[in-house]
Amino acid sequence: MSGRPNLEAGAALTAAQIAALVSGQLEGETQQLFTRVMDVLHAAAEHVVFFRVGIDTMGRSPSQAEVQAFVDCKAGLALVDHSVAHAGRPCVRVANPALAAAILARHFEAPQKYVAGVHPSAVVAEDAQLDASASIGPLCVVSSGAKIGAGAVLVAQVFVGPGAVIGAHTLLFPHVSVYERVTLGTACVVHSGTTIGAPGFGYVWDGQRHLPMPQVGGVRIGNDVEIGTNSCIDSGTFQPTLIGDGCILDNHVQVGHNAELGRAVVLCGKAGISGSTIVGDGAVFGGQAATVGHLTVGAGAKIAARAAIMKDVPAGATVAGFPAVDIKQYQRDQIKLRRLLRDADKK
Amino acid sequence: MSGRPNLEAGAALTAAQIAALVSGQLEGETQQLFTRVMDVLHAAAEHVVFFRVGIDTMGRSPSQAEVQAFVDCKAGLALVDHSVAHAGRPCVRVANPALAAAILARHFEAPQKYVAGVHPSAVVAEDAQLDASASIGPLCVVSSGAKIGAGAVLVAQVFVGPGAVIGAHTLLFPHVSVYERVTLGTACVVHSGTTIGAPGFGYVWDGQRHLPMPQVGGVRIGNDVEIGTNSCIDSGTFQPTLIGDGCILDNHVQVGHNAELGRAVVLCGKAGISGSTIVGDGAVFGGQAATVGHLTVGAGAKIAARAAIMKDVPAGATVAGFPAVDIKQYQRDQIKLRRLLRDADKK
Amino acid sequence: MSGRPNLEAGAALTAAQIAALVSGQLEGETQQLFTRVMDVLHAAAEHVVFFRVGIDTMGRSPSQAEVQAFVDCKAGLALVDHSVAHAGRPCVRVANPALAAAILARHFEAPQKYVAGVHPSAVVAEDAQLDASASIGPLCVVSSGAKIGAGAVLVAQVFVGPGAVIGAHTLLFPHVSVYERVTLGTACVVHSGTTIGAPGFGYVWDGQRHLPMPQVGGVRIGNDVEIGTNSCIDSGTFQPTLIGDGCILDNHVQVGHNAELGRAVVLCGKAGISGSTIVGDGAVFGGQAATVGHLTVGAGAKIAARAAIMKDVPAGATVAGFPAVDIKQYQRDQIKLRRLLRDADKK
C-alpha cells in the first residue's frame, strides 16, 4: 500500500480513487465520476453522501426520517461504516464516514486562491517585514515592525498592529483586527470581525475612576488555530494570553486576559473563558458556557452548553449546570427536581 | 376614501394630514404644524406623541408615572387608541398607536441619501456587476464576480466576497463582511460588523487534529430582512443557510450552518440558532435564547428570553426555561419551587 | 509634600522614586533601577511585583500556591499592603497594591504615539471639522459634518458617520463604527469592532411585516468612557441613549436603545442592558448578566454574573439568579435546594 493517491485538487474522481483517498473498501461497481460531497436530501448521481446508523462523535444518531432520506437519496456513492448493513448503492466502507467525507470534500472544494504581493490600496509600513509569497489584499493596514510570513493571506481590510507577527500560511479574513504584541502561528484561520490583543478588562478604582491597568502581555496563538467571526482574544496583563496549537473557536467567543488554552481546545459559539483561567488539552466548551476567572479546567473536560464553571474541573470530567457539577449529578438532580415539583402537585 | 396622501417626505404636517396618513380619526382642532414624533417626556407643541393605556403588543402597559407623564406632556397632538378616554389635547384615534407613530416617524425622518456610483477609493473587481444606480461608498471592496443591484448601498468599508449577490435597494453599513456564496434579497439592511457566510463550525477529529469540513453551501437571505450589528450568519455545509423574507435579527445574534428561518422570524439580542435547526414563520426568540442543533421550532412559537430549546417546539407554543418547557408549566414550576423553598424554612 | 514627582514617561526608576510616585513608604534598601511591573511568576530583579494576603477589591485572596510564588519570586521590589508582614525583599507599603501597580505600570508602559494629521489614504469629507492635532489614520472615513477634537486618534479603518462628534483625546481603534447622531466625550477609548449608534431594535407589526420605527435619538457618551471590542450601543428612538462619565464596558456588551447608564458603571463581558433601562452610578454587572427593558437598577447595585434582572433593583443591592433576587436570598435558596435534592435521595 502506498498511502493516499496524489490527485489534482478539485478533479472528479472514480469510486476506486475515492476509496483510496479515504483509505476505505469499495463495495459494488460504478462507472460514475463523482464531483462533490452532498447531503442526502440534495444528492444526485454524481454526488457522494456519508451516513452511519450508529451514534456519531457528536452523540447523535439519525432519526427515522433521516434513515428514510438516505434510503431514498439519489447519490451514486455512499461513505458508510459497519453500522450500515445495506447502503443500497455502491459504497466505501470506512471507520468514520464523517471524517472520510471531510477528506473527500477537502479534495473537491479547493479553497480560494490569493495572489502573492501587496495590493496597491493596502497601507504597509516601510519597516514591516513581508514575505514575498504573502498576499496583502486591498485596503489592509500593516503597521510598523509587523511581520507577515510565507504564504500568509490578509484577504482585505485587515488591520495588523505594530510589531505583530502573522505566521506562514495563516489566513485573516476582512475586518480582523490584530493589535500589537500579538503572535499568530502557522496555518491559522481567523474570520471576519474577530479582534486579537485588545487590552484585557483590568481596572483599579482609584477613588474617583476606574484606572486602567496597562495590559501589555499580548497574545500568543499556536499553529493550526481556527477562530470564527466577531470573537475576542484579549491581551494578557504582563505575559501573553495563550491559545494552543489546533484550538478551534466558534463565533462570539471571548477569551479573557492571561487565560491559557492548551492544544485542540474547542470553544463553541458565545463561550467565554474569563481571565487567568487555564484550560487543558482537548477540553470542549458548549455554546454560551463560561467560567469565572483564575480556575483550571482539566484536559479533555467536557463542558455542557451554558454551563457556568465556578470551580476547578478535573481532567476528563463532564459537567453541566449553574453552578456546573458532574453531568451525572446534574442529571440526577434534574430528575429529582422534576419529581419534587410533580409531588408538590399532590399536596 | 383615496388611501394615504402623497406627502413630500420630511414635510411638516397638519393634524388633518397626519390623520389621513395614519388612517385615523382626528378629534379636536389645532392650527399647529407638526415636525416630528417625540416621547412624552420631551415633547413640545410641534411634536406628536403616541400613547395607550391598555397592554401593547410587547405585553407592557404604562406605569402610573408614565400615565402622569402623558397627562403633563406638552405635545400638540397625540396618537391614541380607544383605551385612552381623554387625551387632554387634540388627538388622532387609531387601532394601533405605535404603528401609527412608526408610519408618521418614517414620514418625518427621511433616511440618509447616498450618491449613486463608485467612490474612487473603493476597490471593485473588473468583472463585478454593478447596477449604475448602486452606491459603492469609500474604501469598500467588491470582489470578482459579485453583483450589486439597483439602488443598493454599501455605505463604506464594506466587504463583498467573490460572486456574492446584493439585491436591489439593500443597504450594508460599514465593516459588514459578506463572504462568497452569499445572496441577499431586495431591501435588506445589515448593520456594522455583521458577518454573513463565514464557514459553519464543522470539524471532524482525525486522531490528531480537528479537520475542517468544507462549508460551501453559502447563505441565502430573502427580501426585507434587517440584521443588527456584530451578528453572524454562517455558511451551510452543502446547501445554503436560509433566512426568510422579513426576518429581523438584533445585535450579537448567531445563526449556525444549515439553519433555516422562515418568514418574519424575530431574533432578539444574543439569540443563537444552532446548526440545522428549522424555525417556522413568525417565531420570536427573546434575548440570549438559544437552541441546540437539528431541531424544529414551529411557526409562531414564542421563546422567552434566555430559554434553552433542547427539543422541538410546536407551532404557536410559548416556552421558557432551561430546558425550555411550555410557559404555563414553567410558571407553575417556578411557583411550586418557591413554595418548596419557603416550606423548607419551616422545618 | 509636593505630590507625585514629574518623571519622564517610561524611564527606569529607583525604589525611592517609585515610593514617591505611588505615595507609599519604602522599606529596605536597593540600588536596583526598575523597568516594569511584572507578575510574581515571571518577575526578575529589575521588576516590581504587587501582592496582598487579604481579600482584594474583586473578592479574591491569594491561594497557598500564589503565596508561595510570591515568596519564591525574583522581583527586586514589591508593592504590598499591611496584610503582608514579611515581603522578603525591599518593599513599598501602600493602602492598595493593585492601584499602586496600575499607577506604576502606567508610568512604564507609555501608550502608542500617533502622528497628528490625516493619513493620505483616509477619506475625509470636505465639511468635516478636524482639530489640527487630531490623528486620522490610514483608511479611515470621516463623514460630512463630523467633528474630531484635539488630540483625538482614529487608529485606522475607523468609520465616523455624518455629524458625529468625537471628543478631545478620544481614541478609536480599527473597525469601530460610529453612526450619525453620536457624540463621544473627551478621553474615551473604543476598541475594535464596536458599533455606536446603530438603530435600536424597534419594530411594529403592520399586519404584513415588522415595520421599523425610526431610531433617531442617537447616543451620547460622556468623558473617560472605555468600551471593549465588538460591543454595541444602540441609538435611542427619540432621545439619545446615554453612557455616563467613566463607564467601563467589556467585550460583546450590548446597550439597548433609550437606556441610560450613570457614572462609572461597569459592564463585564457579554452583559446586556435592554431598552429604556436606567442604571445608576457605579452599578456593576457581571459577565452575561442582563436586564429586561424599562427597569431601574439603583446606584452601586452589584449584579452577579449571568443574573437576569426582571424587576427594579434597589440602590446598593447585590442580586443574583434568574430571576435575580437579593444575593443572600439566592444563596439561602441554593443551600435549601441542595438540601431538598439530597433529602429526596433518602426517600
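List of remarks:
- Residue match in segment C:277-293 (condition: touching a His at 6+ places or on another chain (Cβ under 8 Å) and surrounded by 22 or more Cβ atoms within 10 Å (Cβ to Cβ)): yes
- Boolean, B:Val153 is among the hydrophobic types (A, V, I, L, M, F, W, C), touching a Phe, Trp or Tyr at 6+ places or on another chain (Cβ under 6 Å), touching a residue at least 24 places away in the same chain (Cβ under 8 Å) and within 26 Å of C:Ala125 (Cα to Cα): yes
- Residue count, segment A:239-279 (criterion: at the interface with another protein chain (Cβ under 10 Å from one of its Cβ atoms), in contact with a strand residue (DSSP E or B) (Cβ under 7 Å, 6 or more places away or on another chain) and of a type in the set (Ser, Thr, Tyr)): 1
Residues checked against (1) assigned to a helix (DSSP H, G or I); (2) touching a residue at least 40 places away in the same chain (Cβ under 8 Å); (3) basic (Lys, Arg):
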residue: C:Arg263; (1), (2), (3): no, yes, yes
residue: C:Gly275; (1), (2), (3): no, yes, no
residue: C:Gly282; (1), (2), (3): no, no, no
residue: C:His294; (1), (2), (3): no, no, no
residue: C:Gly300; (1), (2), (3): no, no, no
residue: C:Gln331; (1), (2), (3): yes, no, no
residue: C:Leu341; (1), (2), (3): yes, no, no
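- Search result, residues across segment B:198-230 that are closer than 21 Å to A:Leu267 by Cβ and touching a residue at least 40 places away in the same chain (Cβ under 8 Å): B:Pro199, B:Gly200, B:Phe201, B:Gly202, B:Gln215
- Residue check for B:Glu226: farther than 25 Å from C:Ser177 by Cβ, at pLDDT 95 or above and of a type outside the set (Phe, Trp, Tyr): no
- Considering segment B:317-329, and only residues there that are out of contact with any Lys or Arg (no Cβ under 9 Å at 6 or more places or on another chain) and assigned to a helix (DSSP H, G or I), the residue that is surrounded by the fewest Cβ atoms within 10 Å (Cβ to Cβ) turns out to be B:Lys328.
- Candidates A:Gly321, A:Gly316: the one that is closer than 15 Å to C:Leu341 by Cα and in the same structural domain as A:Gly256 (by TED's automatic domain parsing) is A:Gly321.
- Of the criteria (1) more than 30 Å from A:Val165 (Cβ to Cβ); (2) crowded, with 20+ Cβ neighbours inside 10 Å; (3) at pLDDT 95 or above, which one A:Ala87 fails: (3)
- Check on A:Gln329, more than 30 Å from A:Pro214 (Cβ to Cβ) and within 12 Å of chain B (Cβ to nearest Cβ): no
- Options A:Gly228, A:Gly207, A:Gly218, A:Gly200; residue that is at positive phi and touching a Ser or Thr at 6+ places or on another chain (Cβ under 9 Å): A:Gly218
- From the list C:Ile55, C:Ile136, the one residue that fits, being within 14 Å of another protein chain (Cβ to nearest Cβ), within 25 Å of the chain's Cα centre (by Cα), crowded, with 22+ Cβ neighbours inside 10 Å and without any contact (Cβ under 8 Å) to a residue 40 or more places away in the chain, is C:Ile136.
- Once segment B:179-197 is narrowed to residues that are of a type outside the set (Val, Ile, Thr), on the phi < 0 side of the Ramachandran plot and under 19 Å from the mean Cα position of the chain (by Cα), the residue that is surrounded by the fewest Cβ atoms within 10 Å (Cβ to Cβ) is B:Gly185.
- Conditions (1) within 26 Å of A:Gly321 (Cβ to Cβ); (2) more than 8 Å from every other protein chain (Cβ to nearest Cβ); (3) in contact with a Leu (Cβ under 7 Å, 6 or more places away or on another chain); number of the one not met by B:Leu341: (2)
- Scanning segment C:184-232 for residues that are more than 10 Å from chain A (Cβ to nearest Cβ) and under 19 Å from C:Gln157 (Cα atoms) turns up C:Leu184, C:Cys188, C:Val190, C:Thr195, C:Ile196, C:Gly197, C:Ala198, C:Ile227, C:Cys232.
- Leading residue by the ranking (farthest from the chain's Cα centre (by Cα)) among those in segment C:23-52 that are away from chain A (no Cβ under 13 Å) and over 16 Å from C:Gly88 (Cβ atoms): C:Gln31
- Taken together, the residues in segment A:227-246 that are surrounded by fewer than 23 Cβ atoms within 10 Å (Cβ to Cβ) and more than 11 Å from A:Gly185 (Cα to Cα) amount to 3.
- Every condition in (1) more than 8 Å from every other protein chain (Cβ to nearest Cβ); (2) closer than 30 Å to B:Met213 by Cβ; (3) of a type in the set (A, V, I, L, M); (4) crowded, with 21+ Cβ neighbours inside 10 Å holds for A:Val142 except the one numbered (2).
- Scope segment B:236-256; condition in contact (Cβ under 8 Å) with a residue 60 or more places away in the chain and either touching a Lys or Arg at 6+ places or on another chain (Cβ under 6 Å) or more than 30 Å from C:Ile273 (Cβ to Cβ) (or both); matching residues: B:Asp245
- Scanning segment B:173-183 for residues that are within 12 Å of chain C (Cβ to nearest Cβ) and either free of Cβ contacts under 8 Å to residues at least 12 places away in the same chain or farther than 16 Å from A:His191 by Cβ (or both) yields a count of 2.
- C:Ala290 being over 15 Å from the mean Cα position of the chain (by Cα) and within 14 Å of chain A (Cβ to nearest Cβ): yes
- Test: residue in segment B:152-159 that is away from chain C (no Cβ under 13 Å), modelled with pLDDT of 95 or more and either surrounded by fewer than 21 Cβ atoms within 10 Å (Cβ to Cβ) or in contact with a strand residue (DSSP E or B) (Cβ under 7 Å, 6 or more places away or on another chain) (or both): yes
- Odd one out for A:Ala110, checked against (1) surrounded by fewer than 20 Cβ atoms within 10 Å (Cβ to Cβ); (2) within 30 Å of A:Ala156 (Cα to Cα); (3) among the small types (Gly, Ala, Ser); (4) at pLDDT 95 or above: (4)
- Single unsatisfied condition, C:Leu211 versus (1) more than 21 Å from the chain's Cα centre (by Cα); (2) part of a strand (DSSP E or B); (3) surrounded by 24 or more Cβ atoms within 10 Å (Cβ to Cβ): (3)
The values are calculated or read from the model by the stated rules, or taken from the named source; none is laboratory data. Bear in mind that the values here come from a model prediction, so they are computed numbers and not experimental data. Methodologically, a virtual Cβ is constructed for each residue, glycine included, from the backbone with ideal geometry; neighbour enumeration extends over all protein chains shown.
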